[in-house]
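Asks: I'd like to ask you about the structure that follows.
The values are calculated or read from the model by the stated rules, or taken from the named source; none is laboratory data. Just so you know, these numbers come straight off a predicted model, no measurement behind them. Because the Cβ atoms are built from the backbone with ideal geometry, glycine has one as well, and the counts that use them run over all protein chains shown.
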Amino acid sequence: MPASDSLMSDSNPLLQDWQTPYGLPPFATLCPAHFEPALRAAMQMHRDELAALAANPAAPDFDNTLAAFDRTGHRLARVAATFYNLTSSATSPELQAVQRTVAAPMAAHHSAVYNDAALFQRVAVLHARRETLGLTAEQQRLLERVHTDFVRAGARLAPAAQARHAQVMQELARLTTTFAQNVLHDESGWQLPLHGEADLAGLPDFVRANARQAALDRGLPGHVVTLSRSLVVPFLGFSTRRDLREQAWRAWTGRGEHAGANDNREVVRDILRLRNEQARLHGHASFADHALTDTMAGTRAAVQQLLGQVWPRALEAVERERQALLEVQREAGDRGEIEPWDWRFWAEKVRRQRYAVDDAEVKPYFELNRVVQAALDCAQRLFGLQFTPRDDIPVYHPDVQAYEVRNAAGVVTGIFLQDNFARPAKRSGAWMSNLRWQHRNAADGGRQLPVILNNNNFAKGGAGEPTLLSLDDARTLFHEFGHGLHGLLSDVTYERLSGTQVLRDFVELPSQIFEHWISEPEVLQRHARHHQTGEPIPPALVQQLQRAQRFGQGYETVRYTASAMVDLAIHALQDAEPPADVCAWESELLQRAGLPHGVGLNHRLVHFQHLFAGSSYASGYYVYLWAEVLDADGYGAFREAGSPFDPAVAEALRRHIYASGNSVEPGAAFAAFRGRPATVQPLLEKRGLVPVGADA
Ligand SMILES: [Zn+2]
């Protein structure tokens, strides 16, 4: 598209009203050159709105300050959400260049908004009088949240410190963008060609089909292994070529650690140095202390207590698993050391020999479209939601399926976009994002419909072949769909409190609790049907699967907990200067903690996107475990009621957890759902770390 004309604000499609179904972005008319001018123009519009708000001659009250503030910046939010969804799921060198250019100005804009003294003054006046304003509970929550947002962005700092804080935040925005792009570079740049039967040895049909498709996607002959999780993990589990497994493992765990233009080692150090400075400006000794003050856990000690309850039990469990691996390995006549690239291979053998479960036998029952239907059906049975495919809604890639979502009364309550496949121009992992949040604070008093996205990274089946998932993949789809429901079921007045914008260690509760339904016999019976015969998965296979799953819990729990400990420890360092060699620091810490050789980590600091591709999970990787305490205990409410679809429990879950966003303090929201605070015991039982019914 010719650039210059369409960049003018009156012809730039990003700045016009979108005459599309439900006002979705007109993706087909957008090109990378539109984004920078549109973002700059939208930032200016936001500043103008805020200037008018701050200059209001009327004394501040809730409506003319807090509710009004919540209504600002919609144009910017709309353009930015469009941009960041594209840079995650359908990026290009042109979009990446824009991303690098706008990272610092966007961060500077955020700082400018929250460092506006006149604006903060109005918020602070109201905050000081918050008990006397006669606010509703949700209004009080908004006032607290916005006040905290200002304070954490540096609004209370002295001018020089405030200016430095803004600089630090801009520099962090630039560096976290670089970090993510470096990881993507290493992921999309690596492939392992498999030449003939000798290289394909041990691989079942589905891995071969995925490797063939990956080659086709790259215009290559034969088969290739890529670093897409849904390809590299089964490759490590099945390939009998130990030398190739080692190559794949080293490439996977070496992402970000290659000398040259895409080396993340110094990027990590630069980020850590700046985060330490950010924390000090706020009067905290370490970044972890600073980050944890705005969480449900509240303190480092609370997080360490939970990790400390889990770690020794996980080490015991992984040692039991290691012994089982060794026995099977010895029986096979192999006496070598179990290296990290061997663990999954021998674990897969244990699963097949001792639990009679073979991933290749299970996958035909988890065809992607059926798993999607299972998730939609659970949402219907639990919450009354109906999902109708709408092919006229604009999407950014043919892989994306759009749905109109209606509630039990038949009213449209949101739009849902699902993008399930791995592509070279898409980042790895699985995530939920939004194009719009639900709220009822529009200028005309209307309700804004949420537009919610789910991204997965499943390896697409070959041409004409179905896409078959593992149970883990199916659980990932349910997990992200749980986040999606958190966005779609949101029912709050103020946008800042909507959907998943809750405290970080609460945000994984709606996603993780939803994972439970994929394992429910009733759901499996209905939806886990063989893609060729239509037969439901045999109940005996399900039981074997569940036993087999508990077998791998030591491995999963140790690796996860180790990553959480590394995250917390590196962000708890108080020295202004980070360790000279972060990779050496990481391996020393893990050795001291007793991480067994052979387990290995796949979230090493140099590619740990949760920690360094943005800041929202920095010193927050523990949140999955924290939320698992809540989800394991919370799901018990359905067990006690005798049905996974008990209507009263489902309604309490919808109302207190999925609909309430950040309008209620998270501990209170959980207690309102469960009738009491959460306990840790169900988590330990669920992971098979203690016998069921034993004391924690
Ligand atoms: Zn999640």
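Condition check ((1) touching a residue at least 60 places away in the same chain (Cβ under 8 Å); (2) within 16 Å of the ligand (Cβ to nearest atom)) across all residues:
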| residue | (1), (2) |
| --- | --- |
| G414 | yes, no |
| A422 | yes, no |
| A425 | yes, no |
| G429 | yes, yes |
| S433 | yes, yes |
| D444 | no, no |
| V451 | yes, no |
| K460 | yes, no |
| T467 | yes, no |
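Asks: Let me ask another. Would you please name the residue that is nearest to E257 (Cα to Cα), looking only at residues in the stretch 191-210 that are hydrophobic (A, V, I, L, M, F, W, C) and modelled with pLDDT under 95?
Replies: Across the stretch 191-210, the extreme among qualifying residues is V207.
Asks: State whether the residues of the stretch 219-227 include one that is surrounded by fewer than 24 Cβ atoms within 10 Å (Cβ to Cβ) and in contact (Cβ under 8 Å) with a residue 60 or more places away in the chain.
Replies: The answer is yes; a qualifying residue exists.
Asks: Scanning the stretch 394-453 for residues that are touching an Asp or Glu at 6+ places or on another chain (Cβ under 6 Å) and among the acidic types (D, E), which turns out farthest from Q512 (Cα to Cα)?
Replies: The selected residue is D399.
Asks: Continuing with this model, one more query. Would the stretch 649-667 turn up any residue that is more than 16 Å from the ligand (Cβ to nearest atom), surrounded by 21 or more Cβ atoms within 10 Å (Cβ to Cβ) and more than 28 Å from E138 (Cα to Cα)?
Replies: no
Asks: Looking at A637, A627, A671, which is the one that is surrounded by fewer than 23 Cβ atoms within 10 Å (Cβ to Cβ) and either in contact (Cβ under 8 Å) with a residue 40 or more places away in the chain or touching a Gly at 6+ places or on another chain (Cβ under 9 Å) (or both)?
Replies: A637
Asks: Could you identify the single residue in V395, V405 that is away from the ligand (no atom under 16 Å from the Cβ), more than 23 Å from P234 (Cα to Cα), hydrophobic (A, V, I, L, M, F, W, C) and touching a Ser or Thr at 6+ places or on another chain (Cβ under 8 Å)? So that I can check it myself, show each step before the final result.
Replies: Numbers: V395 fails: touching a Ser or Thr at 6+ places or on another chain (Cβ under 8 Å).
Answer to the check: V405.
Asks: Can you name the residue in the stretch 441-461 that is more than 26 Å from the chain's Cα centre (by Cα) and surrounded by fewer than 19 Cβ atoms within 10 Å (Cβ to Cβ) and, of all such residues, is nearest to Q418 (Cα to Cα)?
Replies: Only one residue tops the list, namely R447.
Asks: Could you say which residue among A54, A104 is over 21 Å from Y396 (Cα atoms) and under 26 Å from the mean Cα position of the chain (by Cα)?
Replies: One residue alone meets the criteria, A104.
The rows are residues; the columns are (1) more than 29 Å from L203 (Cβ to Cβ); (2) hydroxyl-bearing (S, T, Y); (3) buried (at least 19 other Cβ atoms within 10 Å of the Cβ); (4) in contact with a helix residue (DSSP H, G or I) (Cβ under 8 Å, 6 or more places away or on another chain).
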| position | (1), (2), (3), (4) |
| --- | --- |
| V318 | no, no, yes, yes |
| E321 | no, no, yes, yes |
| W346 | no, no, yes, yes |
| R354 | no, no, no, yes |
| E367 | no, no, yes, no |
| G384 | yes, no, no, no |
| H397 | no, no, no, yes |
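Asks: What number of residues within the stretch 479-504 satisfy the criterion of being in a helix (DSSP H, G or I), surrounded by 24 or more Cβ atoms within 10 Å (Cβ to Cβ) and more than 13 Å from the ligand (Cβ to nearest atom)?
Replies: Number of matching residues: 3.
Asks: How do the helices (runs of 4 or more DSSP H) wholly within the stretch 333-445 filter down when requiring 3 or more residues that are among the hydrophobic types (A, V, I, L, M, F, W, C): which remain?
Replies: 340-354, 368-383
Asks: Considering (1) within 16 Å of the ligand (Cβ to nearest atom); (2) surrounded by 24 or more Cβ atoms within 10 Å (Cβ to Cβ), say which one R475 fails and leave the rest.
Replies: Checking R475 against (1) within 16 Å of the ligand (Cβ to nearest atom); (2) surrounded by 24 or more Cβ atoms within 10 Å (Cβ to Cβ), the one that fails is (2).
Asks: Having 3 or more residues that are loosely packed, with under 15 Cβ neighbours inside 10 Å is the bar; report the helices (runs of 4 or more DSSP H) wholly within the stretch 1-94 that clear it.
Replies: On the way: elements: 3-7, 35-54, 74-89.
Of the helices (runs of 4 or more DSSP H) lying wholly inside the stretch 1-94, those with at least 3 residues that are loosely packed, with under 15 Cβ neighbours inside 10 Å span 3-7, 35-54.
Asks: Something else: Which of the residues spanning the stretch 606-634 are among the hydroxyl-bearing types (S, T, Y) and more than 16 Å from the ligand (Cβ to nearest atom)?
Replies: Of everything in the stretch 606-634, those that are among the hydroxyl-bearing types (S, T, Y) and more than 16 Å from the ligand (Cβ to nearest atom) turn out to be S615, S619.
Asks: If you go through the stretch 249-296 one residue at a time, how many are part of a loop (DSSP other than H, G, I, E, B), free of Cβ contacts under 8 Å to residues at least 60 places away in the same chain, closer than 29 Å to V502 by Cα and not polar (S, T, N, Q)?
Replies: Of the residues in the stretch 249-296, the ones part of a loop (DSSP other than H, G, I, E, B) are 254-264, 282-286, 293-296.
Applying the additional criterion that residues be free of Cβ contacts under 8 Å to residues at least 60 places away in the same chain yields 259-261, 283-284, 293.
Going one step further and asking which of them are closer than 29 Å to V502 by Cα, we end up with 283-284, 293.
This time we only want the ones that are not polar (S, T, N, Q), so: 283-284.
Summing the residues that are part of a loop (DSSP other than H, G, I, E, B), free of Cβ contacts under 8 Å to residues at least 60 places away in the same chain, closer than 29 Å to V502 by Cα and not polar (S, T, N, Q) in the stretch 249-296 gives 2.
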